[in-house]
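S.K.: This structure is in structure tokens; I'll ask about it shortly.
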Amino acid sequence: MKRVAIVCVARSQRLRCLHRSAENRANVNAQDENGKAALMLACENKHEAAAAGLLEATKRAGALDRQDRYKLSALLWASARGLA
């Protein structure tokens, strides 16, 4: 599967690039090979600042309740990692 830039940025916690991507209306619904969107990856990897930056963009996209292939949402990832 082709890597999507915002997904890669969310994994790496490059905050400046992540904020710029979100401001430029990057596709926050883009998913990795496991169905995880950028907000899920930020939460899974305990990148609190990245997750906070992605929250509003994900909300605007109507994707806060999206689930990955394991049926876990960003909220469940955040809770499991102590961010919620």
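The values are calculated or read from the model by the stated rules, or taken from the named source; none is laboratory data. In this text, all values refer to a predicted model and were calculated from it rather than measured experimentally. Note that we place each Cβ from the backbone using ideal geometry, even for glycine, and neighbour counts take in every protein chain shown.
S.K.: Can you run down the residue pairs with Cβ atoms below 8 Å, 6 or more apart or on separate chains, where the first is in the range 67-79 and closer than 13 Å to Leu41 by Cα and the partner is polar (S, T, N, Q) and in a helix (DSSP H, G or I)?
M.R.: Pairs found: Ala74/Thr58.
S.K.: May I pose another question? Which fully enclosed helices (runs of 4 or more DSSP H) of the range 26-84 have 1 or more residues being at pLDDT 90 or above and surrounded by fewer than 16 Cβ atoms within 10 Å (Cβ to Cβ)?
M.R.: On the way: elements: 38-44, 48-60, 74-80.
Where helices (runs of 4 or more DSSP H) fall fully within the range 26-84 and carry at least 1 residues being at pLDDT 90 or above and surrounded by fewer than 16 Cβ atoms within 10 Å (Cβ to Cβ), they are 48-60, 74-80.
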